[in-house]
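This report concerns only the one structure given below.
The values are calculated or read from the model by the stated rules, or taken from the named source; none is laboratory data. Just so you know, these numbers come straight off a predicted model, no measurement behind them. Virtual Cβ from ideal backbone geometry, glycine too; neighbours counted across all protein chains shown. Protein only, heavy atoms only, side chains kept; ligands, DNA and RNA dropped before computing areas. Shrake-Rupley method; radii C 1.70, N 1.55, O 1.52, S 1.80 Å.
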Amino acid sequence: MTSIPARPRTNDLWARAAAKLSHEDRKNINFSCPDKLKILSDLHELTETSRQECINKRWRYKRKSGETVIFVDLFGKVIKWVDLFKQVGDIVVQYDPVHAALPWAGVRFLLQIAVNDFNKFSFVIESAELIAELICRCAIFEDVYLQPSSPVGDELQRALVNLYVAVMVYLSKVKGYFDQNLAKRALKSGLLAISDLETSFSAIAPAQEIVDRCSNIVGMRDHIEKHKELKELLGCINSPLKRLTEDFKRFKDGFETSKRAEILLWVSPEPYLQHHEQSKKEALSGTGQWLLEDPIFDRWKKESVPSILWLHGIPGSGKSKLVSIVIEDADKAFNAGQSPPPVFFYCSRNSAEPARSNPDAIVASIARQLSSLQPGLPLLPPMVAIYRKREAEGYASGSLRIDESRALIIQLVEHYPMTTIVIDALDECDPENRADLLETLEAVLRESSNLVKIFVSSRNDQDIVLHLQNYPNLELSSDRNNNDIALFVRAETKDLIRKRKLLHLSINKSELQEAIVEQVTKGANGMFRWASMQLLSLCAVKTDKAVRERLGQLPPKLEDFYLELYKRLTSSAADADREVTINAFSWLLCAQRTLAFSEFLAALLITLRRPVNRLTKEHILEICFNIVVFDSTLNIFRFAHLSVREFLEKRPEYSSKVTSTLAAEKCLLKIKRFTSNSGQASFGSALLYDFSKYSNFYWAMHCQLAADERTCGILKDFFVSFLSKESNPRSAVSI
């Protein structure tokens, strides 16, 4: 590693701090410290020994605030700071102040006395870790500013000296307390003494804030950029602790790759990776950085405290996009060898994907992902054990219940130094049962001896608010994501212009483009969905005057826009287009499983009263005005946003009874044509044949959901006719 050329040292800031101590504080500090490297070596050995003991005994403690701290994580951080400080000495050859050994000796002493009584002196261990980080960080600060004197540089030096004084006063207080003889300590309440120490430690934080303010004034970033090695070191200091070990390489499960895949599908068949890929594609590059840099998020990510961080906000504000960014950030840390990969789930309220709103299925998916470090690698022992047990039972009890998945997760996280669980759209989980999911997450936090971080997003549904209000949270409001909205609107506007969908006939394109970006961003009020729909509506007007008029008449609420658009779509002069729109909405609302691309086209074809020569993906997307979108990752059509489904469900023409009646009629019609001799010739094709798989399986479900509609009208005739052919060997009833 290249060393930075030495500059003459004119002073030692730790020595200046020591000189400012009172006589009472100085007498508790041994100024004849041994070699600094010897102290660091002893501290490293002590910390590693204590860390291993914490792993074996699963030590943790609860703060007065109620938060639980994982000791093994704290000791891991101390080791990190010691190693980084050694690197500072390697890079900055002139950084070798004699008195820098004093605080490290203090940290060593703190750990020596605290490890003998973890319960009583747990706070002291936390303080030791924070001081170790401070020493390491400030060593870099000192090098950056040990240059010819300047007013701001001198101010920073004074701030550093005052910070060092606060540190040494605290260390002196701790040393003084533990040097009291047993008789004196017995007379003084231990609780009172620890409270005194906490008061002394609290003086460090404001001194640190002053140092941070001064470093910002001086322009620390500009100085750091000049020194590659220091920049890399500061990046290491600011990064989370490395929480990924080599232990996973020693696991063997005795299964072939294909058998592992079979076991994991038994636990959960949910395509969680595809759901993430789709959400990730919808996130605009460069957005969401405010979340990763937010102090609340940074604290949740770095602290040695198991916790839930709750992101909440209004519909359409980009929560799922931010969740995908959080997952990508955690996955980046895994690829860098810093931490295990995140496990995640995207909830969705959709009758075609019932598992995505079912707590049992959600928790089972989390258990599946934790069962191995990566897909294809050996399964961890708890997963192997439960599979062997079920295999011996012949799978008699079926899939895992939520309590079984919860117990499995708690066993699995013991194999990970840290576990990150991310759940999107908690509000789309079944309201009747989502308390089970929340209680499971809290049980994992409470009962796991290793570090668990949980990130969830949702709307502000009352039951979720009551459950999560005492956890750290971030409210997604327009003041937080306004810059992201502006980036999104500008990028989307530019893309629509490039595709000649917007302003392609304009004579004032540049001026109108800026007006669109300004007005749509201003009106969005933190809602990506509103901005997206308004831009699409502007594509429908052609002249510059019409664009300006439309900008002045943008519906203020998302639901108002949906109503305006719905009236336009359903009042189309073209009956065929209107019928495609209504039937597409109906099938997406009532389908009992996801319909693949070909199945969905077949469902529309069989539902249309007038035959069409050709119906393509592009036709559907154009006719439905992108309220319906195509998910290329899963090869399915879906609503562009939950708010579309919610809008349609409020309309009587899309009630469950009405849409299910339509589906039941067409399923029975398809079965009738399939079982007749002439059906395939007159109506069939490979496309419509695909739909028979759905109709054969779900006709009964749709008939049940149609309720009393099956006792009258066309559905009654189809139903009676269908049942009368029950003896037909090709009938769905006999299959």
Qualifying residues in the range 482-504 (those that are open to solvent by 80 Å² or more (accessible area, probe 1.4 Å) and not in a helix (DSSP H, G or I)) - the one nearest to A283 (Cα to Cα) | K499
Do the conditions hold for I296, that is, is it open to solvent by 30 Å² or more (accessible area, probe 1.4 Å), touching a residue at least 24 places away in the same chain (Cβ under 8 Å) and of a type in the set (A, V, I, L, M)?
-> yes
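Results for (1) of a type in the set (S, T, N, Q); (2) farther than 27 Å from L322 by Cβ; (3) surrounded by fewer than 18 Cβ atoms within 10 Å (Cβ to Cβ), shown as yes or no for each residue.
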residue: S506; (1), (2), (3): yes, yes, yes
residue: S510; (1), (2), (3): yes, yes, yes
residue: G526; (1), (2), (3): no, no, no
residue: R529; (1), (2), (3): no, no, no
residue: R550; (1), (2), (3): no, yes, yes
residue: Q553; (1), (2), (3): yes, yes, yes
Condition met for R609 (assigned to a loop (DSSP other than H, G, I, E, B), within 26 Å of G713 (Cβ to Cβ) and charged (D, E, K, R)) | yes
Please go through the range 656-693 and pick out each residue that is open to solvent by 40 Å² or more (accessible area, probe 1.4 Å), of a type in the set (S, T, N, Q) and either in a helix (DSSP H, G or I) or at pLDDT 85 or above (or both).
-> S656, Q680, S682
Run A283 past the list (1) more than 24 Å from L400 (Cα to Cα); (2) touching a residue at least 60 places away in the same chain (Cβ under 8 Å); (3) open to solvent by less than 30 Å² (accessible area, probe 1.4 Å) and report the number of the one that doesn't hold.
-> (2)
Checking S405 against (1) closer than 26 Å to A435 by Cβ; (2) at pLDDT 95 or above; (3) open to solvent by 20 Å² or more (accessible area, probe 1.4 Å), the condition it does not meet = (3)
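Mind listing just one residue for me: the one in the range 377-402 that is open to solvent by 40 Å² or more (accessible area, probe 1.4 Å) and under 26 Å from the mean Cα position of the chain (by Cα) and, of those, farthest from R446 (Cα to Cα)? Working first, answer last.
Filtering the range 377-402 for residues open to solvent by 40 Å² or more (accessible area, probe 1.4 Å) gives 377, 381, 385, 388-389, 391-397, 399, 401.
Filter once more, so that each one left must be under 26 Å from the mean Cα position of the chain (by Cα): 377, 401.
Working: L377: 28, R401: 20 Å.
Restricting to residues being open to solvent by 40 Å² or more (accessible area, probe 1.4 Å) and under 26 Å from the mean Cα position of the chain (by Cα), the top hit is L377.
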Qualifying residues in the range 612-631 (those that are in a strand (DSSP E or B) and open to solvent by 10 Å² or more (accessible area, probe 1.4 Å)) - the one nearest to K567 (Cα to Cα) = V629
